[in-house]
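What follows is a short report on a single structure.
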Amino acid sequence: MDIGIINNLKEQGSQHLGNVVDRADQINWANPSWDLFILVFFVGAVVLFMFSLSRERIFNAILSTYITLAIVRGFDSLAKIFLLVSNSWLWQIIIFLVVFIIITALISRLSVSSGSGLSNLWQIFYFSFCQTGLLITIIVSFFPREIVSHLFLLTRTIFLNNIAQIIWFLLPLFSLVFVRKR
């Protein structure tokens, strides 16, 4: 590789890292923002999933997330027709989370664990990371533009960018297929 290209990549990486550090310095801990809440939720949920769920339960939660999204999006369209639910983004998030919990509980009760759960901590962390990223991407997608416009560029890039959303939606799915074949 050309030394000039490598130096250019290093410089761009340093600029992006500097932007992240600058943004982190802008966090007002006395008046927390949605960005801080999303960051704390992301880290907390990954740790919670990692230490409280087995591999099979994380798989069930990932599957439940996809099913819940389909149900809630369908319900949202139906509710608008019958005017049962206001067009509030908060109601959409609440409905999503309630349906997610119900579907996860139903799938967990119906699934039969083989007892050969994966005990590799890195894989449990990876699937917890994928599940949490997928959940946050879905929940943040319900936010109105007024809130989204106040999110840091880094948060919007990680969870609301079209390419990032595709990655968050496909990463858990492809990972499940890959691990199931092994």
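The values are calculated or read from the model by the stated rules, or taken from the named source; none is laboratory data. Since this is a predicted model, take the numbers as computed values, not measurements. We place every Cβ from the backbone using ideal geometry, glycine too, and count neighbours over all the protein chains shown.
Per-residue answers, yes or no, for (1) within 19 Å of F169 (Cα to Cα); (2) modelled with pLDDT under 85; (3) surrounded by 13 or more Cβ atoms within 10 Å (Cβ to Cβ); (4) of a type in the set (A, V, I, L, M, F, W, C):
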site	(1), (2), (3), (4)
F49	yes, yes, yes, yes
S64	yes, no, yes, no
G74	yes, yes, no, no
F82	no, yes, no, yes
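Being under 10 Å from the mean Cα position of the chain (by Cα) and of a type in the set (A, V, I, L, M) is the filter here; which residues of the stretch 118-165 pass it?
L134, L135, I136, I138, I139, V140, I158, listed by residue number.
Among the numbered criteria (1) polar (S, T, N, Q); (2) within 25 Å of R57 (Cα to Cα); (3) modelled with pLDDT of 80 or more, which single criterion is violated by S119?
In the conditions (1) polar (S, T, N, Q); (2) within 25 Å of R57 (Cα to Cα); (3) modelled with pLDDT of 80 or more, S119 misses (3) alone.
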